[in-house]
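The values are calculated or read from the model by the stated rules, or taken from the named source; none is laboratory data. Since we're looking at a predicted model, the values are computed, not measured. Accessible surface areas use protein heavy atoms only, side chains included; no ligands, DNA or RNA. Shrake-Rupley method; radii C 1.70, N 1.55, O 1.52, S 1.80 Å.
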Amino acid sequence: LGSNSCKGLIGNVGDGSCIDPDSCSGHFGNIPDDCPSVSDLLGGKCNPPSQLSTAPSSQPSATTSTAPSSQPSATTSTAPSSQPSTSPVSGQGPDLSRDLCNTLLDEIFDLFLFSNAKEEAIKILVCGVEN
């Protein structure tokens, strides 16, 4: 692809097309394989756009997409996800949640001077079940 050759283009660009700078910028529609520019396409020097290649390109895309892919990733990531998990994790259930709740409240209670009875009452209200 030429420099800025696809700037503002709305459509798909075939392999070996839009090779000159600004050759396809601002075009609305698909550009078939081996079509150097929009003027060549409009002049009838290219195959019709209906014959676009559906084969994956060996060249990286000129633009990036933020849409999720329907294909699984070829690599795995160790970075944490910003999305919450929708599947249950084995070994994690109400007991683990209550234990975590109680532990967090114990840490908070270390900052205050509540009686043991008050701490236990608050734990029951917040976490749901007495230890």
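Could you grab me the full set of residues in the range 102-128 that are outside any helix (DSSP H, G or I) and open to solvent by less than 70 Å² (accessible area, probe 1.4 Å)?
Looking only at the range 102-128, we keep the residues that are outside any helix (DSSP H, G or I), and these are 110-115, 128.
Matches in the range 102-128: Ser115, Gly128.
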Only listed residue being assigned to a loop (DSSP other than H, G, I, E, B), at pLDDT below 85 and under 20 Å from Cys6 (Cα atoms), chosen from Thr66, Thr75: Thr66
